[in-house]
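Here is the structure we will look at.
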Amino acid sequence: MGYRIGRWLARHWVVGVAALVLGYLLLPVVVVAGLSVNRPSSRLSYDFHEFTLDNWAHPCASPEMCDAVLRSVRVGFVTTVVATVLGTLLAYALVRYRFCGRAAVGLLVLVPMATPEVVLGTSLLALLVAAGVPQGFWTVVAAHVMFCLSAVVVTVRARLSGMDHRLVDAARDLYASEWQAFRRITLPLLLPGILAAALLAFSLSFDDFVVTNFTSGTTVTFPMYVWGASQRGIPPQVNVVGTAMFAVALLLVLAGTRRRRARGAGQPRG
C-alpha cells in the first residue's frame, strides 16, 4: 500500500505543487470575492459578518468611487491603444529589420520595465515640474504609456519570434506587396499576441498607483481612491469592482482559448 502511494505521489507531485501555487495566487481573489458579498460589522472592519447582495445591487453607493473607476478605465483605454500600436510597430521593426542601433533600442525598451516605480515616478515628476507641464489626465496617460510600452514590445516580440517567416516569403513570391503580406499573413498570426499585450497593458495601467501618484496632480484614479479611502474605511463596493474586473478578464481569456481551440479543431489534418 505504501509503495503504491509513493508511486502515485512520484507521478503526480508536479500537479500537486502546481495546484498549491495556483491556490496561493488565487487566495487574494477569493478573499476579495467573499468581501464583495459581505456586510462588515463596522466601516473599519473586514470581518465576514453577514452575507448580502446589496453591494452588487448598488455598486455606485459612493459617487466618488465610480468616478475614479471610470477615470481609470479611460486612462487604461487610451494607454492601451497608444502603447499597443507603438509597441507592435516597434516589436515588428526589432524582429524583422536590421538597422544601426537595433541592439541598443532593444535594451532601452526594457529600461522602464526594470526601473523601480518610485524612481520612475519621481523622475517623471521632476521632468514635469522642470518643463512647467501641469499634471493631470494626460500626464498620467503619458506615464502609463512609458511603462506599458515595454510590456507590449516584449509580448509581441515573443510572438513574432515564434512565427514562421517563410509564410511571408511565400506570399512575397506570389507577388504580394509588403503591406498585403503584413495584412493577410503577419497580422492575423500576430493578433493573439497583440490582444494579450493589450490586456496586459490595460491591467498594468488600471492597477498602477506609484507612478500615478507622482504624475496625477488632482486627478484621482481608482487605486488612488482606494488608498485614500483606507484611512477612513474602504467601502465594500471596492471589492465588487475588483471581483468584476477579474471576472471580465477571466471571461476574455476563456473566450479566446475556446475560439482558438475551435479554429484548431476546424482545420483539416494532414
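Couple of notes before you dig in:
- Per-residue extension of 0.36 nm, minus the Cα-Cα distance of Arg184 and Glu117, leaves a gain of 20.2 nm for this segment.
- Nonpolar atom fraction for the stretch 174-236, defined as the carbon and sulfur part of the 1.4 Å probe accessible area, stands at 67 percent.
- Scanning residues 5 or more positions from Asn38 or on other chains, those with amide H under 5 Å from its amide H are Thr52, with H placed 1.01 Å from N in the peptide plane.
- Where no second cysteine Cβ lies under 4.7 Å, the cysteines concerned in the chain: Cys100, Cys148
- For the pair Leu70 and Ala247 in one chain, pulling the backbone fully straight at 0.36 nm per residue adds 62.0 nm over the alpha carbon distance.
- Given the choices [x] 159; [y] 121; [z] 232, volume of the Cα convex hull per residue in Å³ derived from the coordinates of this structure is entry [z].
- Multiplying the residue separation of Val14 and Leu174 by 0.36 nm and subtracting their alpha-carbon distance yields 52.8 nm.
- With contacts taken as Cα pairs under 8 Å at a separation of at least 6 residues, the chain carries a relative contact order of 31 percent.
- Electrostatic bookkeeping for Val105 treats Lys and Arg as +1 and Asp and Glu as -1; over the other residues with beta carbon under 12 Å from its beta carbon, the sum is +3.
- Distance in nm between pseudo-label sites at Val29 and Ala104 (7 Å out along the Cβ direction from Cα): 4.3 nm
- Sequence of Met224, Met65 when ordered by accessible area, the most exposed leading, probe 1.4 angstrom: Met224, Met65
- Once the trypsin sites (Lys or Arg not before Pro) in DSSP loops with at most 16 neighbouring Cβ atoms within 10 Å are cut out of the chain, the longest remaining piece is 99-231.
- Dipole check for the chain: with +1 at the C-beta of Lys and Arg, -1 at the C-beta of Asp and Glu, and the Cα centre as origin, the magnitude is about 1320 Debye.
- The relative contact order of the stretch 6-58, computed from alpha carbon pairs under 8 Å that lie at least 6 residues apart in sequence, is 24 percent.
- At least 20 Å along the helix axis (C-alpha) and Kyte average at least 1.0, DSSP helices within the chain: 2-36, 63-96, 117-131, 137-161, 187-207
- Most mobile of Ala103, Ala93, Ala83 in a GNM of the chain (Cα contacts under 10 Å): Ala103
- Along the axis of the charge dipole computed for the chain (Cβ charges of +1 for Lys and Arg, -1 for Asp and Glu, origin at the Cα centre), the listed residues Leu128, Gly193, Leu251 are led at the positive end by Gly193.
- Gaussian network model of the chain, springs between alpha carbon atoms under 10 Å - residue of Phe222, Phe246, Phe214 with greatest fluctuation: Phe246
- Probe 1.4 Å, accessible area per residue of the stretch 175-234, Å²: 52 Å²
The values are calculated or read from the model by the stated rules, or taken from the named source; none is laboratory data. Note that the structure is predicted; figures quoted are calculated from it, not measured. Counting neighbours? That spans all protein chains shown, and the Cβs are built from the backbone with ideal geometry, glycine included. When the accessible area is computed, the model is the full protein with side chains, heavy atoms only, and any ligands, DNA or RNA have been set aside. Shrake-Rupley method; radii C 1.70, N 1.55, O 1.52, S 1.80 Å.
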